[in-house]
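**Q** Just passing along the structure, written as structure tokens.
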Amino acid sequence: QVQLVESGGGLVQPGGSLRLSCAASGNIFAIAFMGWYRQAPGKQRELVARITNGGSTNYADSVKGRFTISRDNAKTTVYLQMNSLKPEDTAVYYCNAHINFQEYWGRGTQVTVSS
């Protein structure tokens, strides 16, 4: 069984930065992609950023130029560096991964941007 464990959420002022981490563990033999979604109160869950096994990345238009997704050399931990945070970035951020031909979700980590 594969598990995704997120960390790094919290409260930050507008204009600040946070770094989220998501570590995948278990019997892993194939990772197609890993990424982050977010869900704000009353809104649908949306893709924030994703990185494929080959290293290709894609971002939501709303975070381009502010957020950067990266991973470790083992490709089992993915990071989301979030800069110039805005109140509208407030949401629960979920790690998402396609591993061993199945989709997995983390439990989510709260990010609150407020003064």
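**Q** Return the pairs, sorted by first residue and then second, in which the second residue is open to solvent by 30 Å² or more (accessible area, probe 1.4 Å) and in a strand (DSSP E or B), the first residue lies in the stretch 1-24 and is more than 17 Å from N100 (Cα to Cα) and without any contact (Cβ under 8 Å) to a residue 60 or more places away in the chain, the beta carbons are less than 6 Å apart, and the residues are 6+ apart or on different chains.
**A** Going by the 6 Å Cβ cut-off, the qualifying pairs are S21/S7; S21/Y79.
**Q** Next up: Looking at (1) more than 11 Å from the chain's Cα centre (by Cα); (2) open to solvent by less than 20 Å² (accessible area, probe 1.4 Å); (3) touching a residue at least 40 places away in the same chain (Cβ under 8 Å), which is the one condition that is false for Q39?
**A** Answer for Q39: the failing condition is (2).
**Q** Among A49, A74, A97, which is within 30 Å of N27 (Cα to Cα), of a type outside the set (V, I, T) and at pLDDT below 95? Write out each step before concluding.
**A** On the way: A49 fails: at pLDDT below 95; A97 fails: at pLDDT below 95.
Selected residue: A74, the only one of A49, A74, A97 that is within 30 Å of N27 (Cα to Cα), of a type outside the set (V, I, T) and at pLDDT below 95.
**Q** Under 8 Å by Cβ, and 6 or more places apart or on different chains, what pairs join a residue from the stretch 93-115 that is in contact (Cβ under 8 Å) with a residue 12 or more places away in the chain with one that is surrounded by fewer than 20 Cβ atoms within 10 Å (Cβ to Cβ) and of a type in the set (S, T, Y)?
**A** N96/Y104; A97/Y104; H98/Y104; T109/S7; V111/T90; T112/T90; V113/T90; S114/T90
**Q** Out of curiosity, is F29 at pLDDT below 95, of a type in the set (F, W, Y) and more than 26 Å from S115 (Cβ to Cβ)?
**A** Numbers: at pLDDT below 95: yes; of a type in the set (F, W, Y): yes; more than 26 Å from S115 (Cβ to Cβ): yes.
For F29, the condition - at pLDDT below 95, of a type in the set (F, W, Y) and more than 26 Å from S115 (Cβ to Cβ) - is met.
**Q** Determine whether S84 is in contact (Cβ under 8 Å) with a residue 60 or more places away in the chain, farther than 21 Å from Q102 by Cα and open to solvent by 30 Å² or more (accessible area, probe 1.4 Å). Walk me through how you get there before you give the answer.
**A** Working: in contact (Cβ under 8 Å) with a residue 60 or more places away in the chain: yes; farther than 21 Å from Q102 by Cα: yes; open to solvent by 30 Å² or more (accessible area, probe 1.4 Å): yes.
Judged against the criteria, S84 is a match.
**Q** Might you let me know whether the stretch 70-81 holds any residue that is more than 10 Å from the chain's Cα centre (by Cα), open to solvent by 50 Å² or more (accessible area, probe 1.4 Å) and within 23 Å of S114 (Cβ to Cβ)?
**A** Within the stretch 70-81, none of the residues are more than 10 Å from the chain's Cα centre (by Cα), open to solvent by 50 Å² or more (accessible area, probe 1.4 Å) and within 23 Å of S114 (Cβ to Cβ).
**Q** Still on this model: Testing N27 on (1) touching a residue at least 24 places away in the same chain (Cβ under 8 Å); (2) surrounded by 14 or more Cβ atoms within 10 Å (Cβ to Cβ); (3) not hydrophobic (A, V, I, L, M, F, W, C), one condition comes back false. Which one is that?
**A** Failing condition for N27: (2).
**Q** Would you be able to tell me the number of residues in the stretch 99-115 that are open to solvent by less than 70 Å² (accessible area, probe 1.4 Å) and within 20 Å of Q44 (Cα to Cα)?
**A** Initially, the stretch 99-115 is screened for residues open to solvent by less than 70 Å² (accessible area, probe 1.4 Å), giving 99-100, 104, 106, 108-109, 111-114.
Subsequent filtering for residues that are within 20 Å of Q44 (Cα to Cα) retains 104, 106, 108-109, 111-113.
Counting residues in the stretch 99-115 that are open to solvent by less than 70 Å² (accessible area, probe 1.4 Å) and within 20 Å of Q44 (Cα to Cα) gives 7.
**Q** Please specify each residue of the stretch 26-78 satisfying the condition of being under 15 Å from Y104 (Cβ atoms) and touching a Leu at 6+ places or on another chain (Cβ under 8 Å).
**A** G35, W36, Y37 - these are the residues of the stretch 26-78 that are under 15 Å from Y104 (Cβ atoms) and touching a Leu at 6+ places or on another chain (Cβ under 8 Å).
The values are calculated or read from the model by the stated rules, or taken from the named source; none is laboratory data. Small disclaimer: the values here were computed from a predicted structure and weren't measured. We place every Cβ from the backbone using ideal geometry, glycine too, and count neighbours over all the protein chains shown. Ligands, DNA and RNA are excluded from the accessible area calculation, which covers all protein heavy atoms including side chains. Shrake-Rupley method; radii C 1.70, N 1.55, O 1.52, S 1.80 Å.
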